[in-house]
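The next block holds one structure in the form of structure tokens; read it before the comments.
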Amino acid sequence: MQYRNLTQEEISVLSQNGCTAEDWNNIKVSPAFSAENIFRVCFSGEVRLGSFNKSFTLAGGIRRHSGIWDATLHNVSVGDDCCIRSVREYIANYDIADGVLIDNVGKMFTEGESSFGNGVKVSVLNETGGREVTIHDTLSSHEAYMIAMYRHRPVFVEKMNAIVDSYVRSVRSSRGSVGRNASICGTAEIRNVRIGEAAEIDGASLLVNGSVNSSADAPVKIGQSVICEDFIISGNSSVTEAASLTRCFVGQACRFGHGYSASDSLFFCNCQGENGEACAIFAGPYTVTHHKSTLLIAGMFSFMNAGSGSNQSNHMYKLGPIHQGTLERGAKTSSDSYILWPARVGAFSLVMGRHVTHSDTTNLPFSYLIEKGETSYLAPGVNLRSVGTIRDAKKWPKRDGRSGAEKFDLINYNLLSPFTIQKMIKGVQTLENLKHASGELSDVYSFHSVKITNSALKRGLELYRIAIDKFMGNSLISRIQEEDGSLNPLNEAQLQARLRPDTPIGSGEWVDISGLIAPKSEIAALMNGIEREEITSLGEMQAAFRTMADNYYKYEWTWAFQHIQQIYGINPSKMTKEDAIRLIETWKKAVVSLDQMVYEDARKEFNLAAKTGFGADGDKEQKESDFEQVRGDFESNDFVRSVLDHIKSKTELGEKAINSLLS
């Protein structure tokens with residue numbers, strides 16, 4: 001924009017309106033500027049002012065004309081149609097874009113050069129340091145995972161930090177900024193904070209050294225009594241109701257409130273925190289904690305729900321808080337659970353009670369870890385038949401609150417994937433080895449500081465084998481389907497051609513790097529590229545993650561193709577139509593069997609015990625009627641009906657697949 005000097009007439013009007021200036025010549029204005037709506041303002045330093053023609057409508061219907069009232073501005077530029085009122089101290093070194101509302105603030109300033117939270121080192125997982133992650137505006141859970149967890153590759157960490165440092169330098173400035181149509185009201189102090197477009201800051205106590213990465217299509221809200229220091233808050237997120245964050249990264253569409261406090265922690269997309277505390281945690285996507293008595297500390301989580309009173313300790317010996325633990329994706333904790341780190345809990349497992357034995361159940365996923373008489377017992381695989389597990393898998397995609405154009409965390413929601421199935425295959429081997437070593441008649445087996453009863457071991461073997469059959473059948477049918485999902489007749493040569501993998505990538509071990517499920521070889525290739533400086537920017541790295549996500553199903557089939565012979569003794573490159581039909585029949589049986597288990601588990605929510613507390617002042621008949629009015633009846637429940645529909649649709653799909661091979 002072209003600016004001009006004030007006219008003598010405008011200076012006269014400003015003076016009559018109670019305005020003062022160190023030097024009127026240092027105030028430049030837009031061609032359409034009018035002094036009519038500027039009262040009692042003290043100007044100093046270089047000031048740029050736009051025009052003030054529009055009005056604001058506040059909550060309750062109050063209208064206020066744009067302009068500046070009762071403020072001190074030092075080295076500030078103000079865009080068109082802003083409304084700045086009641087600045088109790090001053091605004092200094094800020095560029096304020098068009099349409100901004102600033103009302104009843106204490107002081108707002110940038111001091112020295114700042115990167116606005118970019119470049120802050122967060123001592124995640126280990127409070128004493130060693131796994132620091134440097135936060136920046138576009139940090140993804142996958143990048144953070146690699147930097148925090150792959151310390152055995154120091155050259156990679158060094159090169160990765162150099163890439164991040166380059167970005168940090170690019171955003172350094174001695175001036176803060178407020179984006180178009182942002183609103184800042186009732187806030188005591190804002191220091192060295194960059195505020196994005198359409199942000200709403202209402203009643204915050206203190207914001208220091210951070211970025212509020214709001215945009216018109218992904219606005220950020222910061223509410224009453226919030227304190228944030230050394231932070232980055234990403235689009236669609238809200239931090240309200242006296243939440244306190246220190247040295248934290250908040251990913252896209254996160255929610256924090258009700259006095260939640262966190263320090264030295266990373267929270268990625270769709271996390272929620274209320275009432276409790278966090279210290280040095282790596283909260284991958286969909287980590288949720290709602291309870292006042294819950295402390296999460298020095299742990300890595302994702303797709304996790306922490307029960308009331310959940311707690312961990314990282315002081316095993318006397319060298320300080322140096323221990324850490326992992327709850328792999330989908331793990332949950334029940335009320336009053338406790339884990340003494342170090343420990344590792346397998347994916348989609350449930351932790352109940354107190355555990356101090358440092359167990360590692362990574363290769364026994366979908367389990368219950370239960371305390372009985374101060375001893376940790378494991379029930380392998382039982383969460384595969386849990387209605388809660390299936391409900392969680394359905395709700396996560398629906399609860400993705402990200403609306404912006406770019407999503408930094410690339411999420412794979414699959415319960416069954418090469419990542420979990422490879423663990424089940426190892427789990428079957430582990431359980432078979434335990435049975436062989438200790439005898440089939442043993443009452444209890446010992447494994448990695450946990451106990452497994454004989455009946456639990458047998459049930460775990462059965463459930464893992466059913467889940468493996470389901471996954472392998474899913475992959476096979478997906479492969480022989482057309483792109484539109486139809487199933488056309490195939491002869492044997494066509495079948496074998498269809499089953500031939502598109503790529504060699506995916507045949508080995510798979511990893512979950514905080515939401516992104518990918519072949520370990522591809523993660524290694526990415527790190528090699530960064531070490532050799534073939535990848536030198538954050539954008540190139542994010543593109544590599546995107547390629548992995550986009551090619552997931554191609555990679556998945558390569559893995560399944562490799563394992564068909566190992567599991568079923570069938571060479572997939574020479575698979576006959578009879579072999580394929582046999583695998584599909586096995587898949588149908590597995591799908592129906594698991595769904596029937598889930599169906600029976602859901603029925604427990606409608607039994608007599610579940611109705612305790614209903615019909616408080618009536619007899620059994622009134623209790624059942626009250627229950628049905630509140631919860632509905634079993635057969636008409638939406639989830640129950642979806643399970644029955646799933647059984648029907650998958651049975652029909654299996655029949656169509658078989659018929660396409662019989663034609």
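What follows draws every value from the coordinates through simple rules; no lab data is involved. The structure displayed is predicted, hence computed values, not measured ones. Cβ: placed from backbone, ideal geometry, glycine included. Neighbour counts: every protein chain shown.
Some observations on this one:
- Taking each residue as 0.36 nm, the span from residue 70 to residue 313 lengthens on full extension beyond its C-alpha to C-alpha distance by 82.3 nm.
- Straight-line cross-link partners of residue 159 among the aspartates and glutamates, defined as a Cα under 12 Å from its Cα and at least 8 positions apart when in the same chain: 531, 533, 534.
- Rg/Rg_globular for the chain, with Rg_globular taken as 2.2 N^0.38 Å and Rg from C-alpha atoms: 1.14
- Net lengthening on full extension, residue 20/residue 46 (0.36 nm per residue, minus Cα-Cα): 8.0 nm
- Cβ crowding within 10 Å averaged over residues, with 163-174, 587-598 ranked highest first: 587-598, 163-174
- Residue 57-residue 36 FRET efficiency (beta carbon distance; Förster radius 25 Å; 0.05 resolution): 0.80
- Burial order of peptide ranges 95-101, 455-461 (average beta-carbon count within 10 Å, highest first): 95-101, 455-461
- In this label model, residue 500 and residue 520 are separated by 3.0 nm, measuring between points 7 Å along each Cα→Cβ vector.
- Acute angle (nearest 10 degrees) that the helix 418-438 long axis makes with the longest principal axis of the chain, alpha-carbon atoms: 40 degrees
- Helix 638-662 vs. the chain, principal-axis angle (Cα, 0 to 90°, nearest 10): 60 degrees
- Bridges between two residues of the chain, per DSSP, are antiparallel at a rate of about 15%.
- Cα radius of gyration and Dmax for the stretch 1-134 (Å): 18.5, 63
- Potential extension, residue 162-residue 374 segment - 0.36 nm per residue separation minus Cα distance: 71.5 nm
- Per-peptide packing, taken as the mean over residues of other Cβ atoms within 10 Å, places 267-275, 640-648, 65-73 in the sequence 267-275, 65-73, 640-648 from highest down.
- Long-range Cα-Cα pairs in the stretch 402-573 (distance over 26 Å), rounded percent: 46 percent
- Relative to the longest principal axis of the Cα atoms of the chain, helix 520-531 runs at roughly 40 degrees.
- In this simple spin-label approximation, residue 446 and residue 488 carry label points 7 Å from Cα along the Cα→Cβ vector, and these lie 6.1 nm apart.
- Cβ crowding within 10 Å, taken as a proxy for footprinting-reagent exposure, orders 349, 44, 335, 417 from fewest neighbours to most as 335, 44, 417, 349.
- 21 Å Cα-Cα reach of residue 407 towards lysines, excluding residues that sit fewer than 8 places from it in its own chain: 221, 394, 395, 398
- Only DSSP H runs of four or more residues enter the estimate; each adds -39500 (n - 2.57), and after division by the residues of the chain the mean residue ellipticity at 222 nm equals -10500 deg cm²/dmol.
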